[in-house]
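Just below is one structure, and these are the notes that go with it.
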Amino acid sequence: MSETDTGSADAGPFAEQQRLFKLLSQDTRHLIIQELLGHPAHLMSLAELEYMTGKSQAAIKDQLETLIDAGLLARYTYEPSEGKRDLPSQFYGFTERGVEVLHDYKYLRGLPVARALYENTRKTEKIERHESAPRPELPDAVAEALDFDEPDLDAVDGGTNP
């Protein structure tokens, strides 16, 4: 197959699907998405992403820019924290397009598992401080798409626990 044949195939009906699959499946981008899904606010600072993914800030920044350029993520600023040394003011989170894509690719089904993994990860004092820092609000459509009900453990054990 020649390059022109491949080029015409890129314009075919599955080109967008293939592009999104490549976008979502790259290792660092996939980790970023999983960590954002698991975070209680679905907004994370660069330091939180670095800690939770185990990747360097440079690698994370590159992949964040790719996800932002694709319209899946946005940079959110919490202005009251700007200039405060101990609290982050820049956060990364999903856009409406981002949650639509995650819904289409069945990522949102994994919200409970991502949350459990996030909550059961041991965090340093700095990361706990970042985690509890005030953040901007996500757009309503994004927040609603990422909302899920925690299981009612009383219903699971028959309500026998006091």
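The values are calculated or read from the model by the stated rules, or taken from the named source; none is laboratory data. This one's a predicted model, so the numbers in the text were calculated from it and none came from an experiment. Backbone-built Cβ (ideal geometry, glycine too); neighbour counts: all protein chains shown. Just the protein is used for accessible areas: all its heavy atoms, side chains included, with ligands, DNA and RNA removed. Shrake-Rupley method; radii C 1.70, N 1.55, O 1.52, S 1.80 Å.
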The chain - percent of accessible surface contributed by carbon and sulfur, probe 1.4 Å: 50
To the nearest 10 degrees, the tilt of helix 15-25 (Cα long axis) against the first principal axis of the alpha carbons of the chain is 40
By how many degrees, between 0 and 90 and to the nearest 10, does the Cα long axis of helix 57-69 differ from the longest principal axis of the chain? 60
Please get the size of the charge dipole for the chain, origin at its Cα centre, with Cβ charges of +1 on Lys and Arg and -1 on Asp and Glu, quoted in debye to the nearest 20. 560
Over the alpha-carbon set of the stretch 55-137, work out the extent along each principal axis and list the three values in angstrom, largest first. 39, 30, 26
Rounded, prolate or oblate: which fits the chain when a ≥ b ≥ c are the square roots of the eigenvalues of the alpha-carbon gyration tensor, with rounded for a/c under 1.5 and prolate only if a/b beats b/c? oblate
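Please calculate how many Å² of accessible area the stretch 1-151 carries per residue, with a 1.4 Å probe and no DNA, RNA or ligand atoms counted.
Here the residues of the stretch 1-151 average 58 Å² of exposed surface.
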With each run of n ≥ 4 DSSP H residues scored as -39500 (n - 2.57), what mean residue ellipticity at 222 nm is computed for the chain after dividing by its residue count and rounding to the nearest 500 deg cm²/dmol? -15000 deg cm²/dmol
Quick check: pseudo-label points 7 Å beyond the Cα along Cα→Cβ at His30 and Val113, how many nm apart are they? 1.2
Computed over the Cα atoms of the stretch 8-90, what is the ratio Rg over Rh, Rh following Kirkwood? 1.06
Net lengthening on full extension, Glu96/Gln57 (0.36 nm per residue, minus Cα-Cα): 11.5 nm
